[in-house]
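Before any comments, here is the structure.
The values are calculated or read from the model by the stated rules, or taken from the named source; none is laboratory data. For clarity, every value in this text was computed on a predicted model and none was experimentally measured. Cβ: placed from backbone, ideal geometry, glycine included. Neighbour counts: every protein chain shown.
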Amino acid sequence: MGLFDIFFGSSDSTTSFYQLYNKLKDWKRAGVYPFTYNLPKAISFPNDFWKKIISIQKQTLSDGNERAMSIYWADGDLVVSPINTGNSSSVTSSGNISVRYTPHPTRKGYFRKEVFLNSSLYKRLDVYEKKVPKKIDVSYLFNMHTHPRHEDSNGVGYYNFFSAQDIKSFINSNVTVTGLITDKLWLLMRTDKTPNNLNQLEDKDITIDRLNSLEMGVYEGEFYKTLTKI
């Protein structure tokens with residue numbers, strides 16, 4: 001696999017979640033966004049990821065409040081931040097991630113890797129001493145949030161799409177991906193041609209066609225299904 005494939009991948013097959021977060025890490029390290037013609041056609045996720053999505057969605061359905069989770073890269077581990085509760089129109093997500101390596105107390109030649117989230121132990125595992133990195137790599141990857149269910153005058157349920165503020169926050173964050181959880185999962189992927197300033201956007205402007213015209217990859221999928229680019 002060449003350098004081009006590592007950074008931009010191939011659009012010929014489904015991209016797994018594992019491949020996606022490794023690409024996000026590489027793109028961020030290289031200071032680039034993917035080319036529009038190299039966006040994956042489809043993205044798949046493991047069952048434990050979908051369980052977290054369903055958990056967030058159920059809580060929002062129960063009280064009408066938006067919630068979010070942030071995805072972090074913690075030196076080889078994918079960390080999901082705790083769910084923060086907002087209100088019916090907005091949510092804020094935050095997390096403080098750190099990684100520590102210490103000599104293992106009982107296993108010679110091994111270190112103990114500990115990942116902390118908001119000062120609490122999130123994960124612990126043993127690492128062979130030669131595998132301990134010289135530099136610890138911890139970075140924020142992307143955020144996802146929920147929108148509550150509404151009903152029209154006829155009692156028909158519906159969900160709002162991304163808001164203008166969602167898009168503006170996404171662009172201003174300088175990350176590549178953001179997500180929205182309704183009765184399905186939506187992902188937006190920024191590209192090298194996406195404008196850097198979208199402050200003029202209004203809620204009425206946000207449609208799938210409009211997002212495509214802004215050179216964003218728009219992905220949609222039912223829970224436990226593959227997300228496809230639309």
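Hey, could you check segment 25-34 for residues that are modelled with pLDDT under 90 and either in contact with a Ser or Thr (Cβ under 8 Å, 6 or more places away or on another chain) or in a helix (DSSP H, G or I) (or both) and say which is nearest to D192 (Cα to Cα)?
W27
May I ask you to list the residues in segment 122-145 that are farther than 26 Å from T178 by Cα and assigned to a strand (DSSP E or B)?
Matches in segment 122-145: R124, L125, D126, V127, Y128.
Could you tell me how many of the residues in segment 202-216 are outside any helix (DSSP H, G or I), within 27 Å of K58 (Cα to Cα) and either touching a Leu at 6+ places or on another chain (Cβ under 6 Å) or not polar (S, T, N, Q) (or both)?
Residues in segment 202-216 being outside any helix (DSSP H, G or I), within 27 Å of K58 (Cα to Cα) and either touching a Leu at 6+ places or on another chain (Cβ under 6 Å) or not polar (S, T, N, Q) (or both): 1 in total.
Tell me whether segment 153-162 contains one or more residues that are touching a strand residue (DSSP E or B) at 6+ places or on another chain (Cβ under 8 Å), of a type in the set (A, V, I, L, M, F, W, C) and under 30 Å from L211 (Cβ atoms).
yes
Could you list, in sequence order, all residues of segment 202-222 that are surrounded by fewer than 13 Cβ atoms within 10 Å (Cβ to Cβ) and either farther than 15 Å from S163 by Cα or in contact (Cβ under 8 Å) with a residue 40 or more places away in the chain (or both)?
Matches in segment 202-222: T207, S213, E222.
Taking only segment 170-201 into account, find how many residues are at negative phi, within 14 Å of the chain's Cα centre (by Cα) and loosely packed, with under 15 Cβ neighbours inside 10 Å.
1
Just to verify a result, which residue in segment 66-103, among those that are farther than 20 Å from F17 by Cβ, β-branched (V, I, T) and at pLDDT 85 or above, is surrounded by the fewest Cβ atoms within 10 Å (Cβ to Cβ)?
Selected residue: T102.
K58 versus (1) at pLDDT below 95; (2) in contact with a strand residue (DSSP E or B) (Cβ under 8 Å, 6 or more places away or on another chain): which is the lone unmet condition?
Unmet for K58, out of (1) at pLDDT below 95; (2) in contact with a strand residue (DSSP E or B) (Cβ under 8 Å, 6 or more places away or on another chain): (2).
Within segment 55-74, how many residues are of a type in the set (G, A, S) and in a strand (DSSP E or B)?
3
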